[in-house]
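Below you'll find the structure, written out as structure tokens, and then a few comments.
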Amino acid sequence: MHTSDTTEQSIIGEGLASDEQHPGTPSMKTILFLIVVALLNTMGVTIIGPVTPFLTLKYLSNPNDLAVVVAWLVSIYGICQFIAAPGLGLLSDRFGRRPILFICLLGSAAGYLLFGLGGALWVFFLSRVIDGLTGGNYSVLFACIADITKPEERGKYFGIVGGFSGLGFIIGPAVGGLLAGINYRVPFLVAAAVVLLDLLWGFFFLPESLSKAHRVDAIRLRDLNPLTQMSAVFQLALLRWLLLAGFFYAFPFAILQSNLTILMKDSLGWNATEAGLVATVVGVVDIGAQGVLVGKLLPIFGDVKLSMWALALVALSYLLLGSITLIASPILLVTAVILFAGAGGLVENALRSLTSRLVGPRQQGLVGGASQSMSSLAMILGPLFGGLLYAQFGHATPYWSGALIMVLAMASIALAIPALRRQKRQEDALGEDH
């Protein structure tokens, strides 16, 4: 037997054996806090989202450089998150979720504050560096959920927390647009205050979810290297394909995040207010998908089938978005956005559920950090790739290429199915032994 196979079975076995240590029902007090964290985190991001290009524009000598500069602001955040996220996940496996989550929140608050104060373009980039280096909030957040829930229930709780995170997509853009009427800096300052409120809430109400018995004993300096961690995780054949599927999903999503407003402006003549309304629609649909549909559909279809069907719908949404360059229809845009938001929420939670079930409590932060690093890598490459396609090969090409990349994500999950079946047989055998 190969070493990688032995390692994989060892970690899977630990995950199965540790199921009995999880409480039947997680504390509602803890779940409530995690919901609030997810909501306020998303609000902090979406408050500043619609305003960033306008504030950045004030510091550019050539307005035509705006799209490139904004793309680099997005990418530099992704670069820093890629470097730091695995280390933050591993540190949470060693020292607990609570202190690492607080460090992440403090860094985000500092980043928003710097961006709001501004003064020079380099200050904006510095703020994104700080926020990116401490941007492991969600990997630690979902590791907390994995700590306190049974494997078969994690998809449901991921969906509940994700649904409330979607609520931030409704509130954030509306609040950001309102505050921008006062001054473009105000949304950033309010975002910093929101995150600090989040931190204060957690200091008083968040218990540590990872017991000392389940923490890793030591961390080697080389283990904090994101490439070292990615190599170690990729030795596990099953996780390798699931991580690739997550990357292929996140790559065109990063293109959409950095490019959709430009598409709406160029193809439909929409302004920032109308773009903000689209973000609100995304939030409403996201709540419905993650907060309601995930819990109902996962037991019916299972993680694999649900992710495959949802990815196919995401591919269709990208085809529709690209078609707006040919048919300038607001109805077509809204339809595509609704389809993307609903199906995307299903994909994210199905993949989280699959990956979290395959490792024990000592590896939740490690794998969560690796997953977030894949998303960060997509956030680095996606906006730059999409901007090049948009400028050089036509406005539809970033979205039509996204549909093709969804096929790669589906193929990755399909390649993981044999290993998933083996893991299921191991679960059944272990259940019979007990």
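Here, each number is a calculation from the coordinates, and none is a lab measurement. Here the structure is a predicted model, which means the values were calculated and not measured. Here Cβ is always computed from backbone atoms with ideal geometry, including for glycine, and neighbour counts include all displayed protein chains.
Quick notes on this structure:
- Taking label points 7 Å from Cα along the Cα-to-Cβ direction, Arg421 and Ala213 give a separation of 3.7 nm.
- Packing-based ranking of 256-263, 87-94 yields 87-94, 256-263, ordered from highest to lowest mean Cβ neighbour count within 10 Å.
- HN-Hα J in Hz across the range 158-165 - Karplus 6.51, -1.76, 1.60, θ = phi - 60°, x for Gly and Pro: 4, x, 5, 5, x, x, 6, 4
- Cα-projected label distance for Glu152 with Gln392, points at 7 Å along beta-carbon direction, nm: 5.2
- FRET efficiency for the pair Glu274 and Leu60, taken as 1/(1 + (r/R0)^6) with r the Cβ-Cβ distance and R0 = 35 Å, rounds to 0.90.
- A crude spin-label estimate for the pair Val292 and Val68, with each label 7 Å from Cα along the Cβ direction, gives 4.6 nm.
- Counted residue by residue at 0.36 nm each, then reduced by the alpha carbon distance between them, the extension gain from Lys265 to Ile331 reaches 22.2 nm.
- Whole-Hz ³J(HN,Hα) from phi, Karplus 6.51 cos²θ - 1.76 cosθ + 1.60, for the range 239-254, glycine and proline x: 5, 4, 5, 5, 5, 5, 4, x, 5, 5, 6, 6, 4, x, 5, 5
- Environment charge of Val69, counting only residues whose C-beta is closer than 13 Å and scoring Lys/Arg +1, Asp/Glu -1: +1
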